[in-house]
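*Asks:* Quick one: the structure is below, and I'll ask about it shortly.
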Amino acid sequence: MGTPTLQSTDRWPAAVAAISRLEIVPSLLRIVCQTTGMGFSAVARVTAGTWTACAVQDNIGFGLKAGGQLEIETTLCREVRAARTPIVIDHASLDPLYRNHHTPRLYGIESYISVPIVLPDGEYFGNLCAIDPHPAKVSDGRIIGMFTGFAELIAVQLASERASERQRRALEDERAEGELREQFIAILGHDLRGPLNGIAAGAEYLQLPTAGLGSLSWSKKCNRPRASASVSHWKKLSRRCAGVFTTPDCRKRPKRLRNHFWGRTPE
């Protein structure tokens with residue numbers, strides 16, 4: 001067989017990782033080889049410009065591992081992707097359509113089958129394919145049906161895996177947001193208590209007999225209990241609104257807190 005044209009193995013790590021998390025895939029690839037008698041099977045991520053092996057069963061020393069890439073122009077999977085229909089070849093050198101095709105000649109293959117893997121939302125993920133240097137009866141309807149069923153199963157499980165991954169990331173983001181919110185609340189309480197207690201202490205000083213009547217009038221508007229209460233209100237508000245006043249109730253709170261602290265709105 002021809003030597004595969006290998007490229008970088010790290011261009012599509014997400015696709016390779018996603019398929020590697022599907023525990024059923026290695027078993028499916030083994031069943032494909034056992035049922036058809038073919039020596040190499042793979043799940044490939046196929047785009048308009050790349051072909052990447054995501055999982056491989058190699059019994060013939062083809063030399064391609066998961067993460068390895070082929071030049072997309074050298075494969076038949078590009079044609080499968082374009083038509084979204086399987087390509088099946090029992091005996092390439094005798095096939096009137098593919099006996100002069102560059103792919104069988106380049107890789108030294110006689111039998112070939114590739115079916116599309118299309119996710120439930122219509123996204124084209126790639127191909128389930130198998131090759132061998134010897135002829136094989138893969139055009140049998142039962143073989144094509146098996147490949148099609150396996151491709152559909154992979155697509156459904158892959159979509160489920162993606163949904164689970166999105167949920168996991170959402171939970172991680174929510175947990176991180178909660179930690180930041182608690183840090184913000186702690187800092188808010190610490191930063192407000194100092195200045196407000198200072199103001200309250202100053203107000204108490206202004207209530208001394210030596211203070212003027214004007215100062216006494218101002219000091220009655222600000223006292224330590226109100227300072228502490230306002231901090232508590234702000235902390236509760238922060239927990240509800242996460243620091244952003246987005247609801248009508250949250251937008252009203254600052255005025256209520258200001259009135260509570262000063263006794264009335266300052267003129």
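*Asks:* Working carefully through the options Thr148, Thr103, Thr74, find the one that is of a type in the set (S, T, N, Q), more than 26 Å from the chain's Cα centre (by Cα) and not assigned by TED's automatic domain parsing to the domain that holds Asp58.
*Replies:* Answer to the check: Thr148.
*Asks:* Also: Checking the condition of a type outside the set (S, T, N, Q) and in a strand (DSSP E or B), which residue from Ala136, Ala130, Ala159 passes?
*Replies:* None of the other options fit; the residue is Ala130.
*Asks:* Follow-up question, since we're still on this one. Considering only residues that are over 22 Å from the mean Cα position of the chain (by Cα) and of a type outside the set (Ser, Thr, Tyr), which ones fall in region 28-48?
*Replies:* Answer for region 28-48, where residues must be over 22 Å from the mean Cα position of the chain (by Cα) and of a type outside the set (Ser, Thr, Tyr): Leu28, Leu29, Arg30, Ile31, Val32, Cys33, Gln34, Gly37, Met38, Gly39, Phe40, Ala42.
*Asks:* When region 110-141 is examined, which residues are found to be over 15 Å from Gly37 (Cβ atoms), among the hydroxyl-bearing types (Ser, Thr, Tyr) and buried (at least 21 other Cβ atoms within 10 Å of the Cβ)?
*Replies:* Ser114
*Asks:* With the requirement that a residue be among the hydrophobic types (A, V, I, L, M, F, W, C), closer than 23 Å to Gly49 by Cβ and surrounded by fewer than 12 Cβ atoms within 10 Å (Cβ to Cβ), what does region 78-109 give you?
*Replies:* Matches in region 78-109: Ala82, Ala83.
The values are calculated or read from the model by the stated rules, or taken from the named source; none is laboratory data. None of the values given here were measured: they were computed from a predicted structure. Reconstructed Cβ throughout: ideal geometry from the backbone, glycine too, with neighbour counts over all protein chains shown.
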